[in-house]
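K.L.:
One structure follows; several queries about it will come next.
Just so you know, all these numbers are worked out from the coordinates, no wet-lab data involved. Remember, predicted model here, so these are calculated numbers, not experimental data. A quick note on method: Cβ atoms are made from the backbone with ideal geometry, for glycine too, and the neighbour counts reach across all protein chains shown.
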Amino acid sequence: MTNDYLPSVAQPLSKLIQEFHKLPGIGPKSAQKLAYHLVRMPKNRVESLASSILSIKEDIVFCTECQNITQSDPCTICTNPDRDRSIICIVQEPLDVLSLERTGVYNGLYHVLHGAISPANGIGPEDLSLPALLDRLKRNEVAELILATNPSLEGESTAMYIHHLLSPIVAQITRLARGLPVGGELEYADEITLGRALDGRQTI
Amino acid sequence: MTSTSRIYKTEAIVLKHFPYGEGDYILTLYTPNLGKIRLIAKGARKIRSKLGGHIEPLMHSALLVRKGTNLDAINQAELLDGYRSIREDLERLSQAMYFCELLDKITPDEEPHHHLFKLLQETLDILSENPQQMLIPYFQMKLLQETGFMPELYACIECNINIQPNRHRFLVDRGGIICEQCRPVGPVPLPISLQALKVLRFLQSGESFIAVSKLHLRTKTIGELDKLLTTFINHILDSDVQSYRFLNEVSCSRM
């Protein structure tokens with residue numbers, strides 16, 4: 001979308017529309033709606049939005065320990081004295097930390113890989129934050145690593161690769177259980193998921 | 001258009017996927033009767049999707065597809081073979097990913113080729129039973145044969161005389177063997193041992209994998225075959241097969 005398409009729109013507004021249009025999932029109409037909405041918003045709220053956008057670039061860093069996105073380095077999870085420091089849960093993306101934290105079940109530390117092995121897309125083990133993990137394992141006594149990568153082909157290959165790499169130096173490496181989701185129906189489950197659910201069945 | 005014609009059924013092996021939108025995947029699949037196709041699987045990334053577990057890469061599934069304006073969409077999917085033993089072994093998995101990427105790169109879209117589907121299925125079946133060192137050159141040569149890129153292995157590609165033992169080299173950009181007398185311009189020909197040439201001819205003769213797997217080859221010859229075929233394939237594709245590096249890394253460390 002260029003200025004030529006919007007000859008009647010004031011220059012600052014059409015620039016804003018173009019910027020919105022560059023964001024993922026925002027089409028030309030949504031971009032226009034958002035921009036006009038901002039025009040009508042009170043100045044203090046627009047300033048607050050603008051400053052929070054700027055601050056994600058200025059105030060956010062990667063935690064040198066767990067590689068998660070954080071405001072302070074090391075992050076609040078890594079510095080929390082109540083956390084169990086002998087367990088590290090390995091996840092693909094920062095958003096996965098959020099999902100696991102919401103469960104309220106886990107009290108150990110994390111390590112964010114920032115991706116998964118996908119050879120066909122040119123992503124190999126060297127593109128993940130594995131050197132930082134190895135460094136952590138050298139410095140700290142870790143009893144258990146939990147591999148919480150996605151149960152997709154990429155996530156599984158990453159988990160197998162890390163297991164191979166680290167099994168000589170970590171006492172216990174576990175993988176998140178794979179099985180049936182809550183609210184699902186057996187009829188629609190694929191045989192691999194069902195097979196694994198049977199393998200991992202538990203007494204009640 | 002009648003209502004029935006908007007829906008069709010096909011078997012397919014998923015070659016790759018990439019995330020699209022909020023929870024969708026766009027898949028590249030190989031089918032027996034439609035060749036290589038691209039389909040959208042709506043909601044397949046969501047954990048409770050009824051499609052997700054049936055259409056991961058390397059899965060062989062029966063699909064019900066609804067025609068769409070841009071991409072056709074998968075309506076229903078049922079797993080026929082998930083190749084679990086491949087998915088749970090990194091060495092086999094790295095090989096399977098290489099086969100899928102190679103087939104994806106070398107074939108054009110929507111060009112039916114039943115033998116290629118059979119080749120992929122046969123190769124994954126063999127791999128899921130037992131990893132075999134000759135499987136990669138077997139797949140590479142069959143693929144070259146089926147796609148029309150089979151190298152010339154008997155007569156010199158310059159002067160057309162029959163090649164004498166131990167007096168030959170392989171010219172990648174011409175796709176065949178060249179004799180000692182000919183001096184081609186351009187890239188330097190690759191050396192090829194008599195042993196490696198014989199193995200290539202044996203693979204070319206269309207022997208079944210059972211016969212191929214009985215060959216006892218030295219590690220050096222296998223390495224030579226691997227280098228030659230990979231260089232030749234990269235030349236045909238005009239790009240690297242990216243999974244090859246991972247395949248090598250995994251097999252070197254014998255996972």
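K.L.:
Could you tell me what percent of the DSSP beta bridges with both partners in the range A:85-204 are antiparallel, to the nearest 5?
P.N.:
10 percent
K.L.:
Counting Lys and Arg as +1 and Asp and Glu as -1, each charge on the Cβ, what is the dipole of the range A:47-204 about the Cα centre in debye, to the nearest 20?
P.N.:
440 debye
K.L.:
Would you please give the residues with an amide H less than 5 Å from that of B:Ile192, counting only those at least 5 places away or on a separate chain, with H modeled from the backbone geometry?
P.N.:
B:Phe170
K.L.:
With θ taken as phi - 60° and the coefficients 6.51, -1.76 and 1.60, list the Karplus ³J(HN,Hα) couplings across the range A:80-93 in order, rounded to whole Hz; mark glycine and proline as x.
P.N.:
Running phi through 6.51 cos²θ - 1.76 cosθ + 1.60 with θ = phi - 60° gives 5, x, 7, 7, 6, 7, 8, 10, 10, 9, 9, 10, 6, 10 Hz.
K.L.:
Residue by residue through the range B:77-84, which ³J(HN,Hα) values in whole Hz follow from phi under the Karplus form 6.51 cos²θ - 1.76 cosθ + 1.60 (θ = phi - 60°), with glycine and proline marked x?
P.N.:
Couplings: 9, 10, 5, 9, 8, x, 6, 4 Hz.
K.L.:
May I pose another question? Over chain B, calculate the relative contact order: mean separation of alpha carbon pairs under 8 Å at least 6 apart, over the residue count, as a percent.
P.N.:
It rounds to 15 percent for chain B.
K.L.:
Same structure again: Pull up all non-local amide H partners of B:Gly176: gap of 5 or more, or a different chain, and H-to-H distance under 5 Å with H placed in the peptide plane.
P.N.:
B:Glu152, B:Leu171
K.L.:
For the residue pair A:Ser48 and B:Ser85, what label-to-label distance in nm results when each label sits 7 Å from Cα along the Cα-to-beta-carbon direction?
P.N.:
Those two pseudo-labels are separated by 6.2 nm.
K.L.:
If the limit is 21 Å between Cα atoms, which of A:Lys33/B:Lys67; B:Lys198/B:Lys227; B:Lys42/B:Lys118; B:Lys36/B:Lys105; B:Lys198/B:Lys220; B:Lys36/B:Lys67 go over it?
P.N.:
From A:Lys33/B:Lys67; B:Lys198/B:Lys227; B:Lys42/B:Lys118; B:Lys36/B:Lys105; B:Lys198/B:Lys220; B:Lys36/B:Lys67, over 21 Å: A:Lys33/B:Lys67; B:Lys42/B:Lys118.
K.L.:
Can you tell me the order of A:87-100, A:50-63, B:48-61, A:129-142 when each peptide is scored by its average per-residue count of other Cβ atoms within 10 angstrom, highest first?
P.N.:
So the peptides A:87-100, A:50-63, B:48-61, A:129-142, ranked by packing, come out B:48-61, A:87-100, A:129-142, A:50-63.
K.L.:
In peptide B:93-100, how many Cβ atoms from other protein chains are near each Cβ within 10 Å, on average?
P.N.:
3
K.L.:
I'm a student and want to see the number: the projected area of the Cα convex hull of the range B:171-255, averaged over all directions, in nm².
P.N.:
Average projection, Cα convex hull of the range B:171-255: 7.1 nm².
K.L.:
From the phi angles alone, apply the Karplus equation (6.51, -1.76, 1.60; θ = phi - 60°) to the range B:88-105 and give each ³J(HN,Hα) in whole Hz, x where the residue is Gly or Pro.
P.N.:
Working through the residues one at a time gives 9, 9, 4, 5, 5, 4, 5, 5, 4, 5, 5, 4, 5, 5, 4, 4, 4, 6 Hz.
K.L.:
Once you've got the Cα coordinates, tell me which of A:Lys29/B:Lys50; A:Lys22/A:Lys43; A:Lys57/B:Lys46 are over 27 Å apart.
P.N.:
Long pairs (Cα-Cα over 27 Å): A:Lys29/B:Lys50; A:Lys57/B:Lys46.
K.L.:
Right, here's the next one. Where both partners of a DSSP beta bridge lie in the range B:85-252, what percent of those bridges are antiparallel, to the nearest 5?
P.N.:
Antiparallel bridges: around 90 percent, rounded to the nearest 5.
K.L.:
Sticking with this one: Please list, in chain and number order, the residues 5+ apart from B:Gly35 or on another chain whose amide H is under 5 Å from its amide H, with Hs placed from the backbone.
P.N.:
Under 5 Å from the amide H of B:Gly35: B:His113.
K.L.:
Here is a further query. Quick one: which of A:191-204, A:169-182 comes out on top by average Cβ neighbours within 10 Å, and what's the full order, highest first?
P.N.:
Descending mean neighbour count gives A:169-182, A:191-204.
K.L.:
So, one more: Give me the tail of P(r) for the range A:69-199 as a percent: Cα-Cα pairs with distance above 24 Å.
P.N.:
For the range A:69-199, the fraction of Cα-Cα distances above 24 Å is 34 percent.
K.L.:
Still on this model: Classify the range B:4-82 from the C-alpha gyration tensor, please: rounded if a/c falls under 1.5, else prolate or oblate depending on whether a/b exceeds b/c.
P.N.:
rounded
K.L.:
Ratio of alpha-carbon Rg to the 2.2 N^0.38 Å globular estimate for the range A:3-58, to two decimals, please.
P.N.:
The value comes to 1.18.
K.L.:
When the Kirkwood radius is taken over all Cα pairs of the range B:85-252, what Stokes-Einstein diffusion coefficient follows at 4 °C and 1.567 mPa s, in µm²/s?
P.N.:
It comes out at roughly 77 µm²/s.
K.L.:
Given just the C-alpha atoms of the range B:52-151, how large is their convex hull per residue in cubic angstrom?
P.N.:
Enclosed volume per residue, from the Cα hull, is 110 Å³.
K.L.:
For the residues B:His115, A:His111, what sequence is obtained by ranking on other C-beta atoms within 10 Å, fewest first?
P.N.:
B:His115, A:His111
K.L.:
Now for a separate question. For a bin width of 5 Å, list the pair-distance distribution of the range A:1-112 built from all Cα-Cα distances, rounded to whole %.
P.N.:
2, 10, 14, 15, 11, 10, 11, 10, 8, 5, 2, 1, 0
K.L.:
How big, on average over all directions, is the shadow cast by the Cα convex hull of the protein assembly as shown, in nm²?
P.N.:
If you wrap the Cα atoms of the protein assembly as shown in a convex hull and average its projections, you get 31.7 nm².
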